[in-house]
1. Given region 140-232, what strands (runs of 3 or more DSSP E) lie entirely inside it while holding 2 or more residues that are under 15 Å from the mean Cα position of the chain (by Cα) and of a type outside the set (Val, Ile, Thr)?
2. Name the single residue that is surrounded by the fewest Cβ atoms within 10 Å (Cβ to Cβ) among those in region 185-209 being of a type in the set (D, E, K, R) and under 13 Å from residue 35 (Cβ atoms).
3. Listed residues 17, 22, 7; which is of a type in the set (A, V, I, L, M, F, W, C), at pLDDT 95 or above and within 21 Å of residue 184 (Cβ to Cβ)?
4. Which count do you get for residues in region 6-41 that are at positive phi and assigned to a loop (DSSP other than H, G, I, E, B)?
5. What are the residues in region 59-92 that are among the aliphatic types (A, V, I, L, M), part of a strand (DSSP E or B) and either over 18 Å from residue 157 (Cβ atoms) or at pLDDT below 95 (or both), if any?
6. Please go through (1) at pLDDT 95 or above; (2) among the charged types (D, E, K, R); (3) not in a helix (DSSP H, G or I) for residue 95 and return the number of the only condition it doesn't satisfy.
Amino acid sequence: MLRIEGLETFYGRSQALFGISLEVGEGEAVGFMGRNGMGKTTTVNSLFGIVPSAAGAVLFEGRELRDMPSHRIARLGLGLVPEGRQVFPNLTAEENLVAAAANRGGRGNPWTASRIFGMFPELDARRRNMGNLLSGGEQQMLAIGRALMTNPKLLVLDEATEGLAPLVRRRIWECLAALKEEGQAILVIDRNVADLARLADRHYIVEKGRIVWTGSSEDLTAGRADLERWLGV
């Protein structure tokens with residue numbers, strides 16, 4: 001479904017990505033890990049055209065995304081849960097969801113606000129509260145719901161559970177597991193190796209803008225020395 005090959009991205013004269021390559025297959029969950037400042041968010045931003053890339057290929061269902069504006073990339077079926085949540089502060093939780101609603105792919109059972117509230121009852125209780133009045137966990141649930149309301153073929157989560165309370169983190173992982181069971185393709189950035197290993201089929205580790213390791217969940221949990229070296233856990 002998604003194939004990134006040899007991606008290079010610069011900020012001015014400073015190179016941030018050095019030939020990043022990764023793939024996500026249809027219905028597959030893939031983990032993307034690394035310490036802060038190693039290129040995870042830059043990779044996501046390059047995928048979505050938020051930051052222009054200088055070289056390489058970004059193919060989604062065989063279509064080249066490089067140099068395509070972000071809104072057109074989203075319309076092709078990519079949904080983003082951005083780092084920092086970035087919900088609309090002056091809209092209610094329900095309005096945040098409705099504002100993003102689209103089913104361009106003609107999905108048979110599309111995501112609706114009712115389905116999102118059924119998945120996150122905590123959010124249902126706050127549906128009429130403004131986005132800036134929600135807790136961090138509620139905002140993350142809302143950001144996931146907003147991305148799902150676009151009925152994406154590929155859901156991308158940047159720092160899926162960062163800074164959240166343990167109970168909320170567990171709810172997020174349960175949600176992602178349920179989505180995977182439904183066949184949703186997922187690319188997820190997170191630091192929780194144990195939860196990622198349970199969810200994802202394959203994993204990539206990035207270090208200083210380069211992919212330094214890739215393997216299965218079994219390989220990941222067995223490679224403690226690699227984790228110490230590249231993740232600092």
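The values are calculated or read from the model by the stated rules, or taken from the named source; none is laboratory data. Quick caveat: nothing in here was measured; it's all calculated off a predicted structure. Don't worry about glycine lacking a Cβ; one is built from the backbone with ideal geometry, like all the others, and counts go over all protein chains shown.
1. 154-157, 185-189, 202-207
2. Applying the filter and picking the extreme gives 208.
3. Selected residue: 22, the only one of 17, 22, 7 that is of a type in the set (A, V, I, L, M, F, W, C), at pLDDT 95 or above and within 21 Å of residue 184 (Cβ to Cβ).
4. From region 6-41, those at positive phi are 6, 12, 19, 27, 34, 37, 39; that's our starting set.
Remaining after also requiring assigned to a loop (DSSP other than H, G, I, E, B): 12, 27, 34, 37, 39.
Looking only at that region, the number is 5.
5. Kept after step one, since they are among the aliphatic types (A, V, I, L, M), are these residues of region 59-92: 59, 65, 68, 73-74, 76, 78, 80-81, 87, 91.
From the residues that got through so far, the ones that are part of a strand (DSSP E or B) too are 59, 78, 80-81.
Hit for region 59-92 is 59, nothing else.
6. Result: residue 95 passes all but (3).
Per-residue answers, yes or no, for (1) free of Cβ contacts under 8 Å to residues at least 12 places away in the same chain; (2) of a type in the set (Val, Ile, Thr); (3) surrounded by fewer than 22 Cβ atoms within 10 Å (Cβ to Cβ):
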| position | (1), (2), (3) |
| --- | --- |
| 140 | no, no, no |
| 145 | no, no, no |
| 163 | no, no, yes |
| 170 | yes, no, yes |
| 175 | no, no, yes |
| 183 | no, no, yes |
